[in-house]
Amino acid sequence: LVKSQIMDKDQMERSLQRMAHEIIEQNRGLEKIRLVGIRSRGVPLAERLSSYLKLISNQEVPVGILDITLYRDDLSTISHQPVIKGSAIDFDIEDAVVVLVDDVLYTGRTVRAAIDALMDFGRPKQIQLAVLIDRGHRELPIKADYVGKNVPTSKEEIIKVSLEETDGEDSVKIVLV
Ligand code: 5GP
Ligand code: MG
């Protein structure tokens, strides 16, 4: 059941453009910036940010991929357990500023797992976080540096993120489950 639409194609485009500007502003340049998208929808979002960064400052910012799957432990009521399934990071993250990119930030457990996985690749100078939607309900002390839109949700609501690349359209909706 779709409750409401919170982003259309134009709004998504503007949010991502703004986030690209913020990445440049916060880091005073892009020399050390590397983007890492969390599969699945974090990857096209990271690629879009990379193209906006290229448009704005004419610099290539490489994009890597982390594949993280959520598992729910049937034996407990604690939240899902994110597990690293794979990765494709073809650049050196040593001394880089790595911007993790995901579609929705919820409990923070996926990002925690992503940080853990990144640390196995080397020692980044800094790790930052960019998300299209922050829906609240954090269970860990994790905060995004770049947010497309804050969308307070109840736990019964989920955010439906559709992207042209994966879903044939650009939109964000709140759905009641
Ligand atoms: P967390 O680990 O912070 O609880 O959840 C974040 C991960 O689960 C992200 O990779 C995100 O794609 C997915 N996720 C959590 N909540 C939602 C939601 O409401 N909608 C969508 N589309 N993904 C969600
Ligand atoms: Mg995800």
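The values are calculated or read from the model by the stated rules, or taken from the named source; none is laboratory data. Nothing here was measured: the structure is a model prediction, and the numbers come from that model. Glycine also receives a Cβ, built like all others from the backbone with ideal geometry; neighbour counts cover every protein chain displayed. Only protein heavy atoms, including side chains, enter the accessible area calculation; ligands, DNA and RNA are left aside. Shrake-Rupley method; radii C 1.70, N 1.55, O 1.52, S 1.80 Å.
Any idea what the relative contact order of the stretch 110-153 is, in percent, if you count C-alpha pairs under 8 Å spaced at least 6 apart? Present the calculation step by step, with values, prior to reporting the outcome.
Details: 40 pairs, mean separation 16.2, N = 44.
Computed value for the stretch 110-153: 37 percent relative contact order.
What does the charge add up to near D67, with Lys and Arg as +1, Asp and Glu as -1, over the other residues with Cβ less than 15 Å from its Cβ?
Working: positive: R39, R41, K85; negative: D90, D102, D103, D116, D120.
Local net charge: -2.
Pick from S87, S57, S15: which residue has the top mean-square fluctuation in a GNM of the chain where Cα pairs under 10 Å get a spring?
Its mean-square fluctuation being the largest, the pick is S57.
Roughly how many nanometres apart are two label points built 7 Å out from the Cα toward the Cβ at E47 and K173?
Going by the 7 Å Cα→Cβ label model, 2.4 nm.
Pairs K85/K143; K54/K143; K3/K54: which exceed 30 Å Cα-Cα?
On the way: K85/K143 24 Å; K54/K143 26 Å; K3/K54 36 Å.
Exceeds cut-off: K3/K54.
So, with +1 on the Cβ of K and R and -1 on the Cβ of D and E, and no other charges, what is the size of the charge dipole of the chain about its Cα centre, to the nearest 20 debye?
Details: 24 positive and 29 negative charges, 93 e Å.
In debye, rounded to 20, the chain gives about 440.
I want to check the label-to-label distance for D116 and E22. Put each point 7 Å from Cα in the C-beta direction and report it in nm to one decimal.
Once both label points are built, they end up 2.7 nm from each other.
Compute the semi-axes of the equivalent ellipsoid of the chain, taking the square root of 5 times each eigenvalue of the Cα gyration tensor, and list them largest first in whole Å.
That gives 25, 21, 13 Å for the three semi-axes.
Choose one of I6, L66, G37: the residue whose Cα lies farthest towards the positive end of the charge dipole of the chain (beta-carbon charges +1 Lys, Arg; -1 Asp, Glu; about the Cα centre).
Checking the options against the dipole of the chain, the answer is I6.
Mind checking the per residue accessible area of the chain for me, 1.4 Å probe, whole number of Å²? Can you show the working numbers first?
Details: 9350 Å² over 177 residues.
That works out to 53 Å² for each residue.
Determine how large the accessible area of R41 is when every protein chain is in place; take a 1.4 Å probe and give Å² rounded to the nearest 10.
Probe radius 1.4 Å; accessible area of R41 about 70 Å².
Cross-link partners among lysines for K9, C-alpha distance below 17 Å, same-chain residues fewer than 8 apart left out?
K149, K160, K173
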